[in-house]
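The values are calculated or read from the model by the stated rules, or taken from the named source; none is laboratory data. Everything quoted here is computed from the prediction, not taken from an experiment. Cβ: placed from backbone, ideal geometry, glycine included. Neighbour counts: every protein chain shown. With ligands, DNA and RNA removed, areas are computed over all heavy atoms of the protein, side chains included. Shrake-Rupley method; radii C 1.70, N 1.55, O 1.52, S 1.80 Å.
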Number of protein chains: 2
Amino acid sequence: MPADPEQGGLSYRDAGVDREATFAAKRFIGEVVRRTHGPEVLSRVGGFGGIFRAPAEGAGAALVASADGVGTKLRVAQMAGIHDTVGQDLVNHCVDDILVEGARPLFFLDYIGMGQLTPGVIEALVLGMADACRLNGCALLGGETAQMPDFYGADEYDLAGFIVGVAPAEPERRPGSHRVRSGDVLVGLASNGFHTNGYSLLRHLFFDRLGWTLDTELPDVGKPLGEVLLTVHRSYLGPLLPLVEAGRVRALAHITGGGIPENLARVIPDELQARVQRSTWAIPGEFEAVMRLGDVAEDEMYRTFNMGVGMILVVSPEDELDVVERLRAAGEDAWGLGIVQARHPGETAVKLL
Amino acid sequence: MPADPEQGGLSYRDAGVDREATFAAKRFIGEVVRRTHGPEVLSRVGGFGGIFRAPAEGAGAALVASADGVGTKLRVAQMAGIHDTVGQDLVNHCVDDILVEGARPLFFLDYIGMGQLTPGVIEALVLGMADACRLNGCALLGGETAQMPDFYGADEYDLAGFIVGVAPAEPERRPGSHRVRSGDVLVGLASNGFHTNGYSLLRHLFFDRLGWTLDTELPDVGKPLGEVLLTVHRSYLGPLLPLVEAGRVRALAHITGGGIPENLARVIPDELQARVQRSTWAIPGEFEAVMRLGDVAEDEMYRTFNMGVGMILVVSPEDELDVVERLRAAGEDAWGLGIVQARHPGETAVKLL
């Protein structure tokens, strides 16, 4: 029998955890999640763990896993009351990260830490994740929702995602720095906005310094700030996986926090240097606006934002034209943006020219 | 060139993200993490994704995955300034969750969302996780640390864990409700404290209502409250995996949030009922103290806490004595705590007697 509150007895609800609301949300989540399940999913929703049939290749395959968050882009979603897009952001970010290692996604799990179950919020988050999972051919296999009343305010939450994909076990069949050679060519793929990086700077600039709202129109773009800031970080799986599986991509860099200099450097061997020609693309308006309005140094811009380049491929010089052509045929904005050559002593792995 | 702060230019550091400190922490983490890596780990620390050789059984194996958090036990760690134990809590909780599905852990990834990098905190968290990973024979394959200055206070963080393990693909070789029969016996394994559940109630009671500190001695236990509250949620992998792999365990329930009634119900088929005899064990002092000091109803206690039972096994009646004996020989406190029998219409899946 529950404690009588008038007698001063403590119950879990007094302590801020609403178990009934948690149950209702769990039921809804179960239904949405089930729609992402194919025959490889061996578990029912609601077990202690999600169960997924192991890839048939056995030890000839490698499992590729990554954990990620959305960062402070979440605060923009929370300001706007729009929660499905950050769910998509998270899945796509994870998909792009393991694609860089040559992996096709198998399954995804989420963690939501939140203050209070506001009706609709958790449902929108999970719908966004489930939609993105389906589009990426990936099962939403499980997740945890933690109600932590005095960690998060009433309408606040943090969100983390975890993905597992499959790639060949042999290193020579996966992209990576070990396959990059002097003379290789860099191919850029356009980003579709800020993706999920630089949002602390963006929020500081637009909301704290300039006092803008989500409805203020961003010059150079001509769209409301909220729409620009919540544009979904795209998945590159569709156009890139066929090239990766055909062995046409020697290395891939997903341009996230740290920008081109730090992320491209992760796949450049010690003795080589990636030389990126900035004149090969026009910096999109949203980045120009931030640089000007925030008086941000160009170097800082390149280390904080993707500057219009979402993914960089390293390909052999013979493959460049064909790869670019295939990507364009798939509707991508792709272009040669530099080369890989010998690194001189004291120089950095990536040089912006 | 970085923007000159005196000129009012914005840099990422102004916006509250300290990139240098992040780098230093990343280096340390890399070293600790590497110590958990065996030959199955195919990636270096610092790639876009962690790479792990797929189980040799191929499609004959199932991957079992789970996501979890530590809940508001984290706040106790943050009050105490002790951070390695919650790292261990998280790994062990994840290991226990997939063990319930019959899985041996392969790899673990973490997500840390934090306000500011306080020296030592992230290192302690990762050390705790790495220690627990090693003890559970599991690789700490990757993770994400997100610095989110205005989501979390200076010394605050949230922590999520993701685990992947391997089990046989055939359902009849994994524990679960599908193998539970009328006449089966329930075997309890002692918990070693509150594990990771009920901490909102515990904190509300001890700190808000009673005004205690971490140093106040908890009656019925004779230890400081901080020590009792930070006792590490134990892993049951060692004693249970051999029994699970030998097919001796028909089902397992990890007693977490929702207590015995809700967690045991997850493995009881619709037509059966688990009848738990509360007289078979003595409720440990810490639970007695909470019930008395908080005037918490007994039913609420059983739905919030594990009440001294960390894991419940369902075994065949012929196996009971041998299983209990083996567990005791392995140093476990194990006992028969009830039976499974037909469920009468209108009755619940679990009945506490």
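Which of rounded, prolate, oblate describes the stretch B:129-206, given a ≥ b ≥ c as roots of the alpha-carbon gyration tensor eigenvalues and a/c under 1.5 marking rounded, otherwise prolate only if a/b is larger than b/c? Oblate is the answer for the stretch B:129-206, as a/c is 1.5 or above yet b/c matches or exceeds a/b.
Using a 7 Å projection from Cα along Cα-to-Cβ, the label point at B:ARG27 is separated from the same position in the remaining copies by 5.5 nm, smallest value first.
Peptide A:288-296 is shielded by partner chain Cβ atoms: per residue, an average of 3 of them sit within 10 Å of its Cβ. When A:LEU135 is represented by a point 7 angstrom out along its Cα-to-C-beta vector, the spacings to that point in the other copies are 4.3 nm, nearest first. Dipole of the protein assembly as shown computed with +1 at Lys/Arg Cβ and -1 at Asp/Glu Cβ about the Cα centre; of A:LEU109, B:PHE305, B:CYS138, farthest Cα towards the positive end is B:CYS138. Here the stretch B:232-322 is assigned +1 on the Cβ of each Lys and Arg and -1 on the Cβ of each Asp and Glu. Its dipole about the Cα centre then comes out at about 180 debye.
Over all other residues within a Cβ to Cβ distance under 12 Å of B:PRO317, the charged ones net out to -3, with Lys and Arg as +1 and Asp and Glu as -1. Given +1 at the Cβ of Lys and Arg, -1 at the Cβ of Asp and Glu and no other charges, the dipole of the protein assembly as shown around its Cα centre is 1520 debye to the nearest 20.
Residues whose amide H falls under 5 Å from that of A:ALA190, counting only those 5 or more places apart or on a different chain, are A:GLY310, A:ASP333, with hydrogens built in the peptide plane.
In the stretch A:158-181, comparing the full protein assembly with the chain on its own, the residues that lose 30 Å² or more of accessible surface at a 1.4 Å probe are A:ASP158, A:ALA160, A:PHE162, A:ARG174. Near the amide H of A:HIS83, within less than 5 Å, lie no amide hydrogens of residues on another chain or at least 5 residues away, with H placed in the peptide plane. Computed from backbone phi with θ = phi - 60° and the Karplus coefficients 6.51, -1.76 and 1.60, the 3J(HN,Hα) list for the stretch A:265-278 is 4, 5, 10, 9, x, 3, 8, 10, 9, 8, 10, 9, 8, 5 Hz; x is used for glycine and proline.
Backbone phi angles across the stretch A:330-340, fed through the Karplus curve with coefficients 6.51, -1.76 and 1.60 (θ = phi - 60°), yield HN-Hα couplings of 7, x, 8, 8, 10, 7, x, 10, x, 9, 10 Hz in residue order; Gly and Pro are listed as x. Remark: spin-label model distance B:ASP270-B:ASP299 equals 2.6 nm, labels positioned 7 Å along the Cα→Cβ axis.
If R0 is taken as 41 Å, the Cβ-Cβ distance between A:PHE23 and B:THR213 corresponds to a FRET efficiency of 0.70. Rounded, prolate or oblate: which one fits the stretch A:224-353, using the alpha carbon gyration tensor with axes a ≥ b ≥ c (rounded when a/c is under 1.5, else prolate when a/b beats b/c, else oblate)? Oblate, because a/c is 1.5 or more while a/b does not exceed b/c.
Ordering A:ILE255, B:GLN341, B:TRP281 by Cα displacement along the dipole of the protein assembly as shown toward the positive end leaves B:GLN341 in first place; charges were set at the Cβ atoms of Lys, Arg (+1) and Asp, Glu (-1). Tell me, what is the 1.4 Å probe accessible area of A:TRP281, in Å² to the nearest 10? Around 30 Å² of this residue is reachable by solvent. Remark: the stretch B:212-227, residue by residue, has Karplus-estimated 3J(HN,Hα) of 6, 10, 5, 8, 4, 6, 7, x, 6, 10, x, 10, x, 3, x, 5 Hz, where x stands for each Gly or Pro and the curve is 6.51 cos²θ - 1.76 cosθ + 1.60 at θ = phi - 60°. Among B:LEU63, B:LEU140, B:LEU42, the largest mean-square fluctuation in a Gaussian network model of chain B, built with springs joining Cα atoms closer than 10 Å, belongs to B:LEU42. A point 7 Å from Cα along Cα→Cβ stands in for A:GLU217, and the other copies hold the same point at 7.3 nm, listed in rising order. With a threshold of 31 Å on the Cα-Cα distance, the over-threshold entries among A:LYS26/A:LYS73; B:LYS73/B:LYS351; A:LYS351/B:LYS26; B:LYS223/B:LYS351; A:LYS73/B:LYS26; A:LYS73/A:LYS351 are B:LYS223/B:LYS351.
Once Rh for chain B is found with the Kirkwood sum over Cα pairs, what is the Stokes-Einstein diffusion coefficient at 10 °C and 1.306 mPa s, in µm²/s? The diffusion coefficient I find is 73 µm²/s.
When only the Cβ of Lys, Arg, Asp and Glu is charged (+1, +1, -1, -1), the dipole of chain B relative to its Cα centre reaches about 760 debye.
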